[in-house]
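What follows is a short report on a single structure.
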2 protein chains.
Amino acid sequence: MENKSISDIIEAYLKEILGDSAQVEIRRSEIANQFDVVPSQINYVIKTRFTIQNGYLVKSKRGGGGYIRIERVNLLDDVNVLNSLIQAIGDSVRERDAFDIVRTLYEEDVVTRREGDLMLVALSKQALAVNDGKIEDQLRARILVSFLNRLRYES
Amino acid sequence: MENKSISDIIEAYLKEILGDSAQVEIRRSEIANQFDVVPSQINYVIKTRFTIQNGYLVKSKRGGGGYIRIERVNLLDDVNVLNSLIQAIGDSVRERDAFDIVRTLYEEDVVTRREGDLMLVALSKQALAVNDGKIEDQLRARILVSFLNRLRYES
DNA sequence: GCTCTTTTGACTAATCTTGACCATTATTTT
DNA sequence: AAAATAATGGTCAAGATTAGTCAAAAGAGC
């Protein structure tokens, strides 16, 4: 299990310093220095691992005193978060993004492991594969939004 | 039985390092090197010997820090029910029939009420509506069969 | 020989790493 | 003020590093 990429390690570090707090603020260059990578790698880590699909909101500011703030959010609890999630889905969503969302729901205890797994198979490429990849993503978006609405209004 | 192919040997090795653990993570190129075969042979071994029918789930990631993860799962004993349902579904199923099947699963205690509801959402006309009704029924069949296959095991 | 399985490798796809160049904000100088 | 400079973070594309696919060639079992 020591096959982790440096991006994985940075991800773990950021999640660790986030801990139980609602948010954490970092300096890009500091983290980059700490792990001896170029600064833009921090952007890569954030862009691939701290998305709204993963349950995170990220804000930043440039210039002197600049920062990157990572905030952990609950997908269904907050109307604004749910709205931006649904907006991010739009009318088309790739398998990867859909999977991230379901995993986030599971980690937030919104769904059980088994429920999450059932959602995953319905959203999988395997189940939805149709000649046209565009239509596949559209179908996936409709199913996923249906799931979200169902979960939202049920309990 | 003395004529073991290299694939058999690799299979045995993977099962050995899996041991009692729930899962194991390998690097394709490492194993390939270790047994002096081309990397794609590892894919062959996995595809032919670590299938879900045999009780294994496989996940992988490419790129730096990439891996192949093999996980062992417990197969359940509702297999007969599931098999006959899958047979009955074939490659096309109408909404009404799909709903009946989900209700059966619920009544047979194969799924919880909530799990059944989530399945219904994904099988609904609303979620799957496509211009072509024939394709819609085929999609529904694939999703429903995927559900049933997922219910074969627990992880 | 014929068929099924195994082995191989060329080509493809996904993910990670790096660096050059760009944009924004704060601070200092004029 | 306005302009220059410093101090941040952002974007994007090329290259590196994995794994996946597919079909042809080779081998094994009848």
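The values are calculated or read from the model by the stated rules, or taken from the named source; none is laboratory data. Just so we're clear, the structure is a prediction, and the values are computed from it rather than from any experiment. Note that we place each Cβ from the backbone using ideal geometry, even for glycine, and neighbour counts take in every protein chain shown. We work out accessible area using only protein heavy atoms, side chains counted, and drop any ligands, DNA or RNA first. Shrake-Rupley method; radii C 1.70, N 1.55, O 1.52, S 1.80 Å.
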### Query
When residues of the range B:38-62 are filtered for being charged (D, E, K, R), exposed (fewer than 12 other Cβ atoms within 10 Å of the Cβ) and within 7 Å of DNA strand C (Cβ to nearest atom), how many remain?
1
### Message
So, in the range A:58-98, how many residues would count as being more than 16 Å from DNA strand D (Cβ to nearest atom), under 30 Å from A:Val130 (Cβ atoms), in a helix (DSSP H, G or I) and not polar (S, T, N, Q)?
### Response
6
### Hits in the range A:132-145 (condition: more than 11 Å from A:Ile89 (Cβ to Cβ) and open to solvent by less than 50 Å² (accessible area, probe 1.4 Å))
A:Gly133, A:Glu136, A:Leu139
### Selection within the range B:1-22 - open to solvent by 70 Å² or more (accessible area, probe 1.4 Å) and touching a residue at least 24 places away in the same chain (Cβ under 8 Å)
B:Ile9
### Message
On the basis of being open to solvent by 40 Å² or more (accessible area, probe 1.4 Å), in a helix (DSSP H, G or I) and at the interface with chain B (Cβ under 8 Å from one of its Cβ atoms), does A:Arg103 make the cut?
### Response
no
### Message
So B:Arg114 passes all but one of these: (1) in a loop (DSSP other than H, G, I, E, B); (2) more than 20 Å from A:Gln126 (Cβ to Cβ); (3) at the interface with another protein chain (Cβ under 9 Å from one of its Cβ atoms). Which condition number does it fail?
### Response
(1)
#### Entry: Residues within the range B:56-68 that are more than 12 Å from the chain's Cα centre (by Cα) and hydrophobic (A, V, I, L, M, F, W, C), tallied
1
### Conditions (1) among the acidic types (Asp, Glu); (2) open to solvent by 70 Å² or more (accessible area, probe 1.4 Å); (3) assigned to a helix (DSSP H, G or I): number failed by A:Asp109
(3)
### Task
Go through the residues of the range B:26-37 one by one and say whether even a single one is within 12 Å of DNA strand C (Cβ to nearest atom), touching an Asp or Glu at 6+ places or on another chain (Cβ under 9 Å), in a helix (DSSP H, G or I) and over 30 Å from B:Asp109 (Cα atoms).
no
### Residues located in the range B:127-144, provided they are in contact with a helix residue (DSSP H, G or I) (Cβ under 7 Å, 6 or more places away or on another chain), assigned to a helix (DSSP H, G or I) and either within 8 Å of chain A (Cβ to nearest Cβ) or free of Cβ contacts under 8 Å to residues at least 40 places away in the same chain (or both)
B:Ala127, B:Leu128, B:Glu136, B:Leu139, B:Arg142, B:Ile143
### Identity of the residue in the range B:27-55, touching a residue at least 24 places away in the same chain (Cβ under 8 Å) and more than 20 Å from the chain's Cα centre (by Cα), that ends up farthest from DNA strand D (Cβ to nearest atom)
B:Phe35
